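A short write-up of the structure that comes next.
The values are calculated or read from the model by the stated rules, or taken from the named source; none is laboratory data. Here the structure is a predicted model, which means the values were calculated and not measured. Every residue, glycine as well, gets a Cβ built from its backbone with ideal geometry; the counts of neighbours run over all protein chains shown.
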Amino acid sequence: MTGETTRRGFLRTGVGAALATGACRPTLPVERSADLESAPGVDSTSRVRVDTNLNGQPRAFDVAPDDSSLDVVRATGLTGAKHGCGHGACGACTMMLDEVPVVTCLLPATALHGRRVRTVEGLAAGGALHPIQRAFMAEDALQCGYCTPGFVVEAAAFYDRWRAEHGETEPSRDDVAAALAGHLCRCGAYAAIYRAVQRACTGQLDPGEPAARIDARDKVTGQAVYTVDVRLPGMLFAKALHAPWAHARVRRLDWSKALALPGVRGVVDLLGPAKLVRHAGQQILAIAAVDEATALRAVALVEIDVDVLPALLTVETALAPGAAPIYPRGDRADLPNATEGPLLPERWDGNRRGPLELLSKRGDKANRAIEEARSIGVVADGTFHTQVQCHTALEPHAAVAAWDTDKRLTVYLSTQAVHSTAQDLAQRYGLRDDAVRVIAQHVGGGFGAKATLQNEAIIAVELARVCGAPVRYALDRRMELMLGGNRPGSTIEVALATDRAGELVGMRATATSTAGTAVGTVTTILFRIIYPKAPRALSDLDVVTHAPPGKPFRGPGGPPAFFALEQTVDALAHARGEDPLVVRRRWDPNPARRPLYGWAESIPTWRDRGPAGGDSGRYRRGVGVACGAWFAFVEPRSRVQLESTPDGLVASSATQDIGNGVRTTIAQLIAARFGLAITEVFVRIGESNFVHGPMAGGSRTTSSIVGPCEDACDQLQAELVDVASRRWRLRDAEPSRDGVAHAGGVIPWRDIFRIAPKLVVVGHRARDKGGYFLPPIEGAAAERYVSGSLQITQVEVDARLGKVRVLESWLGLGVGRIVSPVLARSQAEGGVIQGIGYALYEERRLDPRAGYLLTAGLEDYRIPGIGDIGPIHVHFDERGYEKVPGHNVGLGELVTLTPAAAIANAIFNATKWRPDALPIRPDRVLEGLRR
Amino acid sequence: MIRFPTDLAQAAGSDGEIRAGATDLAERRRTMAGEGPLVDLRDVAEARNIEVAADGRTRIGALVTIAALAHDEHVSGGYPGLAQAAGGLATPQIRAVGTVGGNLLQHTRCWYYRAPEAECFKKGGAMCSARKGDHLWHACVELGPCASVHASTLGMALLAYDARIDIVGATMRTVADLYGDGSDPTAHNALPPGAVLRGIEIDPPRRGERSVYLRATSRARAEWPLVEVLVRIGVEAGVIAWAKVAVGAVAGVPLRLPQVEAALVGAPAQAEALVAIAALAREGTAPLPMTAYTVDLLEGVVADALERALVADPVGGS
Ligand SMILES: Cc1cc2nc3c(=O)[nH]c(=O)nc-3n(C[C@H](O)[C@H](O)[C@H](O)COP(=O)(O)OP(=O)(O)OC[C@H]3O[C@@H](n4cnc5c(N)ncnc54)[C@H](O)[C@@H]3O)c2cc1C
Ligand code: FES
Ligand code: FES
């Protein structure tokens, strides 16, 4: 696909890049406006003077009638309030207007006249943080932080109201949910947001309580800079022309009128030599101009003639006899990859790719066992359908590119991989690695969709080059939902058989998935990693269609696989009249999960559950269980550089914090070794030019970074011991938490920093003892472990209105040592919440005939809100993984695998109806209960 | 071009789109309607209050915010269903700036209307894309060629109150007139071009009235209704003496359910009896292939609202 380096999965780093493509690609066709000087953009019809008061200061603005308050305020440099959706659904843009929170994306700037505006930056009166800000910091009520300014402003207004009316009474969860109903958090920080607001209101917060994250203060005060906040001098704004057709051949593309518009600077053609549109929303070209309005008008002036071609939008039409291949033979290289791993060579048949049967084993035996078991009634089978889920991180895909000379490039990029995107850019433009700098100080969520070099970067970079000025390009929410990435939809047929004793004797799974124009979806492989002993016939088919391409989404393949598998296990247990935990425990050899069964059995809600379908009234409660398993990946080349300076310690690594908290993890590991507070370690990440750090993907960050941090600490302490011994002629000197211990006492580390010369060490990660399961492929190694999880969820089904409410969830995780319990809990809660969205609400819908997006905003694409989650309890079993340096594996993906399965099993327990399609919408519930 | 008239008479009759809270208009102008002239009501001083006449009739100015309507003591005391409807729609931030007039006159949220790629009667097209396309959240009552449902919660609620309307630049009497019969697929309402809504008037509160607003959704909060309902009943001597039932999100305009109202009158004020009557809500529905479930929801929310109304606090104490 034009402009997109998506061929490789994101299990890669630079080495692979150099080997993979060799020469620099030809750059894309571009054209520059003849008139590079004319300053103003398209003249607005009229300007309006607005006198307002912004954070206590009188301000006058000259605005256009349709300017939003959000844009006008952000242009002053107050970029705390964020553009999330642009249509009033997410609340990221919330400010107070005369002390009342309002969404400013919809508020005309003219409405500010004569009013007082307060932004998140103006919340801390006289420098003292608002109690709500402190509570968000202390309770870790934020992850990526993109939604945080909006939440904080709203919660502060609620707090002030609540305290005035109710004193220190604790507000109920429902009070909090009602107040914050106009805010969405894609990371799923809601559980902690409840805790923060409730605790703040009761006045229980200790003023000095430390923040869980070192960047929490920046996030609650609106100081954290995201790519969309970057403003460079002379910066231009780019907008793209998006195809409204799902399949078309472009006959003529003429941008001359657009380029002639005053204020327009340049155009880049993204169509590629085939001149084909393969999905709606595809970027055809992009235009840079002095402001967004001008760029948009220019896009509207582009003339395009096309032949609209028949679109294959469903698996059925794509596989129908005679359906034209979307990728004809010879055109199957460089396809967009919907999964984390590299694409394996597979067979094609029209629009069908595969089957992939990689992890099948004794498949014939499995099939035979299933047929035999049928006669004794110990088979369970079913067909399960899962929808397309959009990543829709609250910060859209965005890039700001600036060329220094022709030879040096800086790109601010909302990315999960500063290091590898910089290398890909260097390669693409034939630059030296160190001539490209990719910067991502804060990233407003990614979930897998921001792991590779993609069009937003290419557009900004190409246009910056042709225009000779920095260029910013960001997707709007419609395009984020269309192009930003999605989890492919799957249909999975499952059959499981046991022998009379209840041993699993055969597994069969056949999955057909579609990632639109992308390929590579694999789901059934997960059957093998969770129940590895049984004979199995596992097969995955990929079907390409003219729908926007899928991308790896947190635990690719996992949620659909476990929805199908863990429900079938439940059905089998039910058929056998056995406790579903007992059945799983019998089959489960994984030491990471085994201790979780006992924990689960101790949960009263589980113990006291009723029989399936025991409730027959309108509101029916049920409890379900599901297990999950995930790979353990690590990026062995990860490094952390540690410096001691007279002022303290500085750690750096080319990794990035997408809300997972790696900035804090690094600080915490080092602080613990030197007896410091985490705020005393200065951590520099989010720049590609630091030493190689892990990308945020494949749940690898923590397990990759612990080793290098520990190693760097060992090395630096050894050097400091040396310095101190020589300086003070110490005997028996050795490092300790508090400083250099020696025969005569302890010299604090701080005293040694002060006298030592500047020391720099680079920490490496040791190999796992016993080696890896798979050696590093393009940088990432698969460890010899499979992580384990177990979730219990209680739901209530409203049999009259078809609504499913999640009442409470428990998630147990066996991932080894937990470096930062608070952050790990946040990740886990967020995973459960995203899983609730997947189970009950989220679903991308395209027009069935023309393939354009219908669920194009956050009103129609429904992610969970704060009222939808119920309490979530997270349990860590920290045993195991002794052979891994750091004794842990990742959890970022594991935590999102089980919710749909657990919820579906709970619905079965409540109603005796087994949901076979996601999301479990009211119409499906009503229909299911009628059956 | 933008004008800031200081009263509604000045606002009426001009070409240009009326802008009140802009919570609907701002996004439409950005994504579809373009940058034509605007008439912004920011500086208009009138129509911003809720007034109670000596005889108890209540006038709600078109520029009253939805939040103010929800929190007004007179409204929540005398018209609890209306207050619940106002407090239950959209989000706190939208309610803080969205106005009663804007809510009544907002355009449909149909995803085809809002999709730039789609053809649609309401955008000058010659067909309804939803009908042959994806109409999961569309009408189950056929009034005309457009399959979308009307978005206004307050329009539905005020229909149950037989509210009268006050228009500058046109003569129209009731909220029902404001919407017409839904047969014109190109219209969002029947307000003539250039007319401006000044306010709403409702009869005095009825002592003993019990009312309930409810919506069916999949998420807990801040979600557009799959179906919504407002029920008002009067109970005398254990029998339903009068009933008004309005429903929304089922048709191109908000609807009353006269068959349900008629059956309720004289029925015993008991849950089972009312739930049985709710089944009459299905009469006259004609679902599209994907909207049959909304008929079930319609019956469900009507039943639910009637059950709740039985135990709701009566207006003015019992
Ligand atoms: C996330 C979200 C959820 C929502 N949920 C709901 C819901 O559940 N139920 C619901 O009803 N609404 C809902 N809304 C819509 C919201 O209530 C409306 O956008 C709002 O009420 C419009 O009021 P406004 O003053 O902002 O209108 P504007 O946007 O200013 O105007 C809307 C339309 O009315 C016209 N208009 C406004 N005032 C007058 C007047 N006095 N005379 C003549 N024409 C006028 C304008 O020209 C425009 O066409 C939701 C909105 C969002 C963003
Ligand atoms: S950006 Fe304003 S509500 Fe989402
Ligand atoms: S923390 Fe809320 S969107 Fe990321």
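Couple of notes before you dig in:
- Which numbered condition A:GLY448 misses (of (1) free of Cβ contacts under 8 Å to residues at least 60 places away in the same chain; (2) under 16 Å from the mean Cα position of the chain (by Cα)): (1)
- Residue count for segment A:618-653, restricted to those that are over 30 Å from A:ILE792 (Cβ atoms) and either touching a residue at least 60 places away in the same chain (Cβ under 8 Å) or assigned to a loop (DSSP other than H, G, I, E, B) (or both): 17.
Residues checked against (1) of a type in the set (S, T, N, Q); (2) buried (at least 24 other Cβ atoms within 10 Å of the Cβ):
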site	(1), (2)
A:ARG500	no, no
A:GLY520	no, yes
A:LYS551	no, yes
A:LEU565	no, yes
A:ALA600	no, no
A:THR605	yes, no
A:ASP608	no, no
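- For segment A:89-112, the set of residues classified as touching an Asp or Glu at 6+ places or on another chain (Cβ under 9 Å) and within 7 Å of another protein chain (Cβ to nearest Cβ) consists of A:GLY91, A:THR94, A:PRO101, A:LEU106, A:PRO108, A:THR110, A:ALA111, listed by residue number.
- Boolean, B:GLU201 is within 16 Å of ligand 1 (Cβ to nearest atom), under 22 Å from A:VAL795 (Cβ atoms) and surrounded by fewer than 23 Cβ atoms within 10 Å (Cβ to Cβ): no
- Qualifying residue in segment A:157-176 (condition: among the hydrophobic types (A, V, I, L, M, F, W, C), touching a residue at least 60 places away in the same chain (Cβ under 8 Å) and not assigned by TED's automatic domain parsing to the domain that holds A:GLY84): yes
- The criterion of at least 3 residues that are among the hydrophobic types (A, V, I, L, M, F, W, C) and farther than 22 Å from A:LEU926 by Cβ is met by the following helices (runs of 4 or more DSSP H) wholly inside segment B:115-234: B:153-160, B:175-179.
- Checked against the criterion of being crowded, with 23+ Cβ neighbours inside 10 Å and within 13 Å of chain A (Cβ to nearest Cβ), the candidates B:ARG131, B:ARG114 yield just one match: B:ARG114.
- Only one of the listed residues (A:VAL471, A:VAL436) is crowded, with 24+ Cβ neighbours inside 10 Å and either farther than 29 Å from A:ALA81 by Cβ or within 16 Å of ligand 1 (Cβ to nearest atom) (or both). That residue is A:VAL436.
- Exactly one residue out of A:ALA464, A:ALA460 is assigned to a helix (DSSP H, G or I), more than 22 Å from the chain's Cα centre (by Cα), closer than 19 Å to A:GLY281 by Cβ and not assigned by TED's automatic domain parsing to the domain that holds A:ARG352: that is A:ALA460.
Every residue, every condition in (1) within 28 Å of A:ASP847 (Cα to Cα); (2) in a loop (DSSP other than H, G, I, E, B); (3) at pLDDT 95 or above, yes or no:
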{"residue": "A:GLY446", "(1), (2), (3)": "yes, yes, yes"}
{"residue": "A:LEU453", "(1), (2), (3)": "no, yes, yes"}
{"residue": "A:MET479", "(1), (2), (3)": "yes, no, yes"}
{"residue": "A:ALA497", "(1), (2), (3)": "no, no, yes"}
{"residue": "A:ALA501", "(1), (2), (3)": "no, yes, no"}
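- Those strands (runs of 3 or more DSSP E) lying entirely in segment A:353-438 with at least 2 residues on the phi < 0 side of the Ramachandran plot and free of Cβ contacts under 8 Å to residues at least 60 places away in the same chain: A:409-413
Here is a yes/no grid of residues against (1) within 22 Å of B:VAL302 (Cβ to Cβ); (2) away from ligand 2 (no atom under 16 Å from the Cβ); (3) not assigned by TED's automatic domain parsing to the domain that holds B:ALA160:
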{"residue": "B:ALA176", "(1), (2), (3)": "yes, yes, no"}
{"residue": "B:HIS188", "(1), (2), (3)": "no, yes, no"}
{"residue": "B:ALA222", "(1), (2), (3)": "no, no, yes"}
{"residue": "B:VAL229", "(1), (2), (3)": "yes, yes, yes"}
{"residue": "B:VAL239", "(1), (2), (3)": "yes, yes, yes"}
{"residue": "B:VAL250", "(1), (2), (3)": "yes, yes, yes"}
{"residue": "B:PRO254", "(1), (2), (3)": "yes, yes, yes"}
{"residue": "B:VAL260", "(1), (2), (3)": "yes, yes, yes"}
{"residue": "B:GLU272", "(1), (2), (3)": "yes, yes, yes"}
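- Where A:ILE903 falls short, out of the listed (1) farther than 18 Å from A:LEU790 by Cα; (2) among the aliphatic types (A, V, I, L, M); (3) not in a loop (DSSP other than H, G, I, E, B): (1)
- Any chance A:GLU843 is out of contact with any Ser or Thr (no Cβ under 8 Å at 6 or more places or on another chain), surrounded by fewer than 24 Cβ atoms within 10 Å (Cβ to Cβ) and either modelled with pLDDT of 95 or more or facing another protein chain (nearest Cβ under 10 Å) (or both): no
- Test: residue in segment A:51-62 that is among the polar types (S, T, N, Q), within 16 Å of ligand 3 (Cβ to nearest atom), outside the structural domain of A:ALA181 (by TED's automatic domain parsing) and crowded, with 21+ Cβ neighbours inside 10 Å: no
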